[in-house]
Amino acid sequence: MFRVKEGKISSNGLFVMLIILLVAKIFLGVPQAMVEEGDSAAWLLIIVSALAAVPGIWVLLKLMKKFPGKNLIQIAEELLGRPGAFLTGLILSFFSLFMASVIVREFSETVLTTVLPQTPISIISFFFIGAMLLGAYNGLEVISRASTLLYPFILAGIFSILFLTSNYINFNNLFPIMGSGVGKILYHAPGRSSMYTEVIFAGLIAANIKDTDVIPRQVWKAFAVSVVIFVVVELFYVADLRVPAAQKLYVPLFQLARLIYMGRFIQRIESVYIFVWFFLGALKLTVFLYSSAVALGWAFKIPIYQPLLFPISLLIFALSFIPAGVYTAFQLDMSIIREYGAIIAWGLPLALLVAAAVRRKGGGQTENKMDK
Amino acid sequence: MIVLILVLSVSFTLGCWDRKELEDQAFVQAIGIDKGQDNQLLVTFRIAIPSKAGLGPTGAGGGGGGGVGSVAAKSSLLTTVAAPTIPAAITLASGYVNRELNLMHTKVFIFGEPFARQGVGPLLSILSRYRELRRNIFVCVAKGEAFKLLAENTPDLEKSFTKYWEGVKLLESRLAINPGSLFHEFAIDTEALGISGTMMYLAENERAKTAKAGDIKIPPSFMEGNLGIKAGEIPRTGGNPIEYIGTAVFKGDKFTDVLNLTETQSFLMLTGNFNRATLGVKDPLIKNRFIPFEIKQGSPPIVKVDIKGDRVKIKERLSVEGDLVAIQGPVEYATDLGKQKLLQSAVEKHLEEQACSMVKRLQKRGIDMVGYGDYAKRNFLTRAEWNKYNWPEKFKEAEIDLKFVFRIRRTGLQGRQPEIHP
């Protein structure tokens, strides 16, 4: 049977990679976009949108349980034949590619706006591309280990900012408690469930995880931890800034880091965080590049994905320059990826699950012999 | 691959584009903004001269006013430029300062009074957007023009203006003589519906330069043991003529009022931002005698805002603790618990009167500087309902009930009063 040559990682590696993928967006426009729609109840919007994502994740995990040890493309091949696998591979590859190009631009714009204003954006993007190329070339195991290494620093990076800006907290800023209103929160929540679309990555690398039995537990765990981080960050962000200001700031966590003022000595320490953010962004992009190349490899039956990395990164590099400015780039992320990404992330597994039900295939007994 | 990346890193990480040598930069420590002619800005920059910083003794070396001898003043350059915008002023100033002006170390933004009364709104954007300026910069209103104040400011004890401004801010928590306002706090309060923004208030004390100690006029509030004065009014001679006592009150983006020292302390207590300060009250049993305390807030204030239709009832309960610093009269407040109770009630009454008169004065003008609106929001479910309620108007008619609980915790290093024999 055909197989793209990838490495094997533990389910714990999957957990850490999912956390990195899900949480990285908190350093971009997510906290601000949530306040824009949820007002002082932005935290509630996050919880409701997480609840809206639960059925999508459940469908994905149900599908993975029906076809243990197989990734989404292999499942599509079994259910819909070669055309189905080809189409699934293409969709996943382009989805990752599109997300990567937008995120390269967002992270580059963030670096440009905050620390390197005179450096051409192409040079900053080039470094992100270089880092992701190197990571993706070395494969899944290296990405997983790098994620495990970076994970504590990311958590420390987030929570230390919240702690060091706690002198600005005013809990009255979290009122009126329902913010923009129940109606608006329920209206925005399904679209905002796209915040968790990165979970689909678990479906793409399902065949490369050693202990398949615990995949659902690790996915749910990563999802729950991310939701908790999002909610805590959002609560602090709004409590520190008041809603009108919180609705307007780009790169909210960087703004919070710049606000740190704990007496004469603890201030101006945002540079410490820049490194964490760069590595976090680079790692997230690495996963996207890897996903895009592997999905394309599966679609075209190319057993080695590495030769695809350079052309895909070139495409990501080129596409990242399409948005005219920083506002367009952030809008593209928040209005398209984080609004309609759910259609692909939850729709694709659902379509496959329906196909499995119609064709009466899968039942948790199938073993992928190539994995043995 | 690794070699290629290393080579590229070496080539590209030299910081070619954002390279800034220290000796090519002119670091601005303070910026003053005034109204210029024909709708232009007068932008004053206090620029550090690092090569002269830290040289020689601090201060003028005795006598009236830090004056020309101040090391901080000597190790910096003061210049004022007329320009339509602040970036334009930076460009113009760079044209004769010989270096590119850099605002990354700017500590304070001072608005001249006429400019602040007209509204600081148009300048808020640059403070929020411009990368070099930080949201935790200090913001002040100067009585009169900012450029005059910056020119007269000659710190006696500090070798650097940066350290000087940090010291001014520190006095918020040490003595509660100013609100220590940061731009961030001002900006978010100005944008919100339920609270008014504040800045530190600065003024030059012209009499300090000329008056003789014997000619010093005593402010009437001192007769009551009350330090009801603001910057520019300290009865004194000598020292830096610039004072930083009081709070500049804003309605929207317009400077409208000033709180004096005691009002500033009340304001900080009511908002829960009071750390510690000294307080003098009249001795309730002996005429013309005063009792100074070191006070601090016992616990955060408890505020409850009840809304029934258009009727608003605000209740605030404050807990303040104090240590006796001195007793001028012979009454044994330190050891007689009954008398101590009497003194506690006198302090409570003093604090209540002081806070009520300040809050009510501003309430009449629809200025909610304590931020009772923040608590009122809890009565509403959604932002739309809150916005519709029109808090600034409703606040004018609100019933405000302030109560202080004061407890004497410590009485100093001595028990009974000294016995003085005739």
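The values are calculated or read from the model by the stated rules, or taken from the named source; none is laboratory data. Owing to the predicted nature of the structure, the values given are computational and were not obtained by experimental measurement. Here the Cβ is made from the backbone with ideal geometry for all residues, glycine too, and neighbour counts use every protein chain on show. The protein model used for the area step is the full one, side chains on, heavy atoms only, and it has no ligands, DNA or RNA in it. Shrake-Rupley method; radii C 1.70, N 1.55, O 1.52, S 1.80 Å.
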Check: Among the helices (runs of 4 or more DSSP H) confined wholly to segment A:263-372, which include 1 or more residues that are modelled with pLDDT under 90?
Finding: A:270-300, A:326-331, A:338-359
Note to self: Restricting to segment A:166-184, count the residues that are more than 10 Å from every other protein chain (Cβ to nearest Cβ) and open to solvent by less than 40 Å² (accessible area, probe 1.4 Å).
What the structure shows: 0
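Among the residues of segment A:259-276, which ones are open to solvent by 40 Å² or more (accessible area, probe 1.4 Å) and either acidic (D, E) or within 11 Å of chain B (Cβ to nearest Cβ) (or both)? Full working, then the answer.
Initial filter on segment A:259-276 (open to solvent by 40 Å² or more (accessible area, probe 1.4 Å)): A:262, A:264-266, A:268-269, A:271-272, A:275.
A:M262, A:R264, A:F265, A:R268 - these are the residues of segment A:259-276 that are open to solvent by 40 Å² or more (accessible area, probe 1.4 Å) and either acidic (D, E) or within 11 Å of chain B (Cβ to nearest Cβ) (or both).
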Next item on the list: Go through the residues of segment B:366-375 one by one and say whether even a single one is on the phi < 0 side of the Ramachandran plot, surrounded by fewer than 21 Cβ atoms within 10 Å (Cβ to Cβ) and more than 14 Å from chain A (Cβ to nearest Cβ).
Entry: no
Notebook entry, point to check: Exactly one of (1) part of a helix (DSSP H, G or I); (2) touching a residue at least 24 places away in the same chain (Cβ under 8 Å); (3) open to solvent by 10 Å² or more (accessible area, probe 1.4 Å) is unmet by A:S101. Its number?
Noted result: (3)
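Of the residues that sit in segment A:209-258 and are of a type in the set (S, T, Y) and buried (at least 22 other Cβ atoms within 10 Å of the Cβ), which one is farthest from the other protein chains (Cβ to nearest Cβ)? Quick ask: steps written out before the conclusion?
Kept after step one, since they are of a type in the set (S, T, Y), are these residues of segment A:209-258: A:212, A:226, A:237, A:250.
Next, from what is left, pick out any that are buried (at least 22 other Cβ atoms within 10 Å of the Cβ): A:226, A:237.
Details: A:S226: 27, A:Y237: 12 Å.
Here the residue is A:S226.
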Notebook entry, point to check: For A:A53, which of the numbered conditions (1) in contact with a helix residue (DSSP H, G or I) (Cβ under 6 Å, 6 or more places away or on another chain); (2) away from chain B (no Cβ under 14 Å); (3) farther than 30 Å from A:L174 by Cβ fails to hold?
Noted result: (3)
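For (1) modelled with pLDDT under 90; (2) surrounded by 23 or more Cβ atoms within 10 Å (Cβ to Cβ); (3) assigned to a helix (DSSP H, G or I), each residue gets a yes or a no:
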{"residue": "B:G144", "(1), (2), (3)": "no, no, no"}
{"residue": "B:L149", "(1), (2), (3)": "no, yes, yes"}
{"residue": "B:N178", "(1), (2), (3)": "no, yes, no"}
{"residue": "B:L193", "(1), (2), (3)": "yes, no, no"}
{"residue": "B:R207", "(1), (2), (3)": "yes, no, yes"}
{"residue": "B:M223", "(1), (2), (3)": "yes, no, yes"}
{"residue": "B:N226", "(1), (2), (3)": "yes, no, no"}
{"residue": "B:K230", "(1), (2), (3)": "no, yes, no"}
{"residue": "B:I234", "(1), (2), (3)": "no, no, no"}
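Consider segment A:136-165. How many of its residues are buried (at least 16 other Cβ atoms within 10 Å of the Cβ), in a helix (DSSP H, G or I) and more than 11 Å from chain B (Cβ to nearest Cβ)? Let's see the steps before the verdict.
First pass over segment A:136-165, keeping only residues buried (at least 16 other Cβ atoms within 10 Å of the Cβ): A:136-140, A:142-144, A:146-148, A:150-151, A:154, A:157-158, A:160-162, A:164-165.
Within this subset, residues satisfying the condition of being in a helix (DSSP H, G or I) are A:136-138, A:140, A:142-144, A:146-148, A:150-151, A:154, A:157-158, A:160-162, A:164.
Then drop every residue that is not more than 11 Å from chain B (Cβ to nearest Cβ), which leaves A:136, A:140, A:142-144, A:146-148, A:150-151, A:154, A:157-158, A:160-162, A:164.
Within segment A:136-165, residues that are buried (at least 16 other Cβ atoms within 10 Å of the Cβ), in a helix (DSSP H, G or I) and more than 11 Å from chain B (Cβ to nearest Cβ) number 17.
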Notebook entry, point to check: Given the conditions (1) crowded, with 19+ Cβ neighbours inside 10 Å; (2) away from chain A (no Cβ under 14 Å); (3) in a helix (DSSP H, G or I), which single one is not true for B:F406?
Noted result: (3)
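Between B:A192, B:A203, B:A208, which is in contact (Cβ under 8 Å) with a residue 40 or more places away in the chain, of a type in the set (A, V, I, L, M, F, W, C) and within 14 Å of another protein chain (Cβ to nearest Cβ)?
Details: B:A203 fails: within 14 Å of another protein chain (Cβ to nearest Cβ); B:A208 fails: within 14 Å of another protein chain (Cβ to nearest Cβ).
Residue meeting the stated conditions: B:A192.
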Checklist line | From the options A:I121, A:I75, A:I129, residue that is under 22 Å from the mean Cα position of the chain (by Cα), at pLDDT 90 or above and either closer than 22 Å to A:F310 by Cα or buried (at least 21 other Cβ atoms within 10 Å of the Cβ) (or both) | finding: A:I129
Note to self: Can you say whether B:V258 is open to solvent by 10 Å² or more (accessible area, probe 1.4 Å) and among the hydrophobic types (A, V, I, L, M, F, W, C), as far as the supplied structure shows?
What the structure shows: yes
Note to self: Go through segment B:158-176 and report how many residues are more than 11 Å from chain A (Cβ to nearest Cβ), in contact with a Phe, Trp or Tyr (Cβ under 8 Å, 6 or more places away or on another chain) and open to solvent by 20 Å² or more (accessible area, probe 1.4 Å).
What the structure shows: 2
Margin query: One residue is enough: does segment A:105-126 have a residue meeting the conditions closer than 17 Å to A:A207 by Cβ, away from every other protein chain (no Cβ under 14 Å) and in contact with a Leu (Cβ under 6 Å, 6 or more places away or on another chain)?
Written below: no
Checklist line | Among the candidates B:G54, B:G62, B:G69, residue that is closer than 28 Å to B:K209 by Cβ, crowded, with 17+ Cβ neighbours inside 10 Å, at pLDDT below 90 and assigned by TED's automatic domain parsing to the domain that holds B:A187 | finding: B:G69
Next item on the list: Tally the residues that are open to solvent by 50 Å² or more (accessible area, probe 1.4 Å) and in contact (Cβ under 8 Å) with a residue 60 or more places away in the chain, restricting the search to segment A:340-352.
Entry: 3
